[in-house]
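Presented below is the structure to which this report refers.
The values are calculated or read from the model by the stated rules, or taken from the named source; none is laboratory data. None of these values were measured; they are calculated from a predicted model. Heads up, the Cβs are rebuilt from the backbone with ideal geometry, glycines too, and the neighbour counts pull from every protein chain shown.
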Amino acid sequence: MTQIEILQVGPYPEWDQGPLDQAFKMHRYFEAEDKPVFLAQVGPHIRGIATRGEMGADRAMIEACPNLQVISVYGVGFDAVDLEACKERGIRVTNTPDVLTKDVADLGVAMMLCQARGMIGAEAWVRDGDWVKHGLYPLKRRVHEARVGVLGLGRIGYEVAKRLAGFDMDIAYSDIGAKDYAPDWDFIADPVELAKRSDYLFVTLAASAATRHIVNREVIEALGPDGMVINISRASNIDEQALLEALETGTLGSAALDVFEGEPDLNPRFLALPNVLLQPHHASGTVETRKAMGRLVRENLQAHFDGKPLLTPVL
Ligand code: 8YV
């Protein structure tokens, strides 16, 4: 029997690659030296795309595959997939929600704690001998009882807020409407107003054209010189130029970021900043969660080609 041919946009761990190679004929786009030539060669044979959240599939890739039926995303975010191009051709799209929610929330909260308490600098204080030479490490900011804003109270935002409640933080959130599952937290519709009353602002929105730069200069200034922004969603939710300027001038106190425009080639201005915690887009990066994500990617592809309902459809 001829195998179904799949375009694989990025690498997966070996526990996913093995089963994918067994079930399908995988074409590794990320290994191709000349990507347009590779796409022109394999495109007509491709019936499925397996991609990753941050990589997606753009219109050019979709159009290079005239027999494409399904795109399976390894990630909850599908903002990098051109959904319009998919709708025009009835191409199905799946993602991996739920399985990663708690890991992403865990890392977001860890980033806030790490940055607020200066843990990276504290580690260097011990290793570099500053403890012996200079004595006590400079004092840092308290987290418990501080005011926190959660921008986007979806699955991930909700899990973040639940954890923050455990730290006795004073919680408010912004979303398109008040959530009946969050009766104990203040709903503040306007992100600027949310930022004004927050010491810490979590960005946990699903990214789309509508949320692009929702954290703009005004929101950043409202958060202020003692405020911290924590982004575990997508870089596009924040105006990165405004963020860099605010961090450089002290208009904003600090940031803890897992996502960047153009990642992994982030803007080098970030590297020069002492008031930012930089993480390599790994909020879903635990063995347990990545195994569950990989399984869902395969099961969605398999379900589609077996004519069964998709497990986690987006389109
Ligand atoms: C990435 C993510 O997919 O879930 C998302 O939307 O961005 C992540 O989980 C992950 O880094 C794998 O590429």
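Some values worked out for this structure:
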quantity	calculated
Subset of region 211-261 [of a type outside the set (Val, Ile, Thr), within 16 Å of the ligand (Cβ to nearest atom) and buried (at least 17 other Cβ atoms within 10 Å of the Cβ)]	ASN231, SER233, ARG234, ALA235, SER236, ASN237, LEU257, ASP258, PHE260
Complete set of residues in region 69-98 that are in a loop (DSSP other than H, G, I, E, B) and free of Cβ contacts under 8 Å to residues at least 40 places away in the same chain	ALA80, ASP82, GLY90
Selection within region 21-53 - within 22 Å of ARG234 (Cβ to Cβ) and either at pLDDT below 95 or in contact with a Phe, Trp or Tyr (Cβ under 8 Å, 6 or more places away or on another chain) (or both)	TYR29, ALA50, THR51, ARG52, GLY53
Only listed residue being crowded, with 23+ Cβ neighbours inside 10 Å and either in the same structural domain as HIS27 (by TED's automatic domain parsing) or touching an Asp or Glu at 6+ places or on another chain (Cβ under 8 Å) (or both), chosen from THR101, THR94	THR94
Sole exception among (1) in the same structural domain as PHE24 (by TED's automatic domain parsing); (2) within 16 Å of the ligand (Cβ to nearest atom); (3) hydrophobic (A, V, I, L, M, F, W, C) for LEU107, by number	(1)
Residues located in region 25-57, provided they are without any contact (Cβ under 8 Å) to a residue 60 or more places away in the chain, more than 16 Å from the ligand (Cβ to nearest atom) and not in a helix (DSSP H, G or I)	LYS25, MET26, HIS27, ALA32, GLU33, ASP34, ILE46
Which numbered condition LEU296 misses (of (1) part of a helix (DSSP H, G or I); (2) under 27 Å from VAL148 (Cα atoms); (3) of a type in the set (A, V, I, L, M, F, W, C))	(2)
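Quick grid of which residues meet (1) of a type in the set (S, T, N, Q); (2) closer than 30 Å to TYR74 by Cα; (3) not in a helix (DSSP H, G or I):
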{"site": "ALA110", "(1), (2), (3)": "no, yes, no"}
{"site": "TYR137", "(1), (2), (3)": "no, no, yes"}
{"site": "LEU153", "(1), (2), (3)": "no, yes, yes"}
{"site": "VAL160", "(1), (2), (3)": "no, yes, no"}
{"site": "LEU164", "(1), (2), (3)": "no, yes, no"}
{"site": "ASP168", "(1), (2), (3)": "no, no, yes"}
{"site": "TYR173", "(1), (2), (3)": "no, yes, yes"}
{"site": "ALA182", "(1), (2), (3)": "no, yes, yes"}
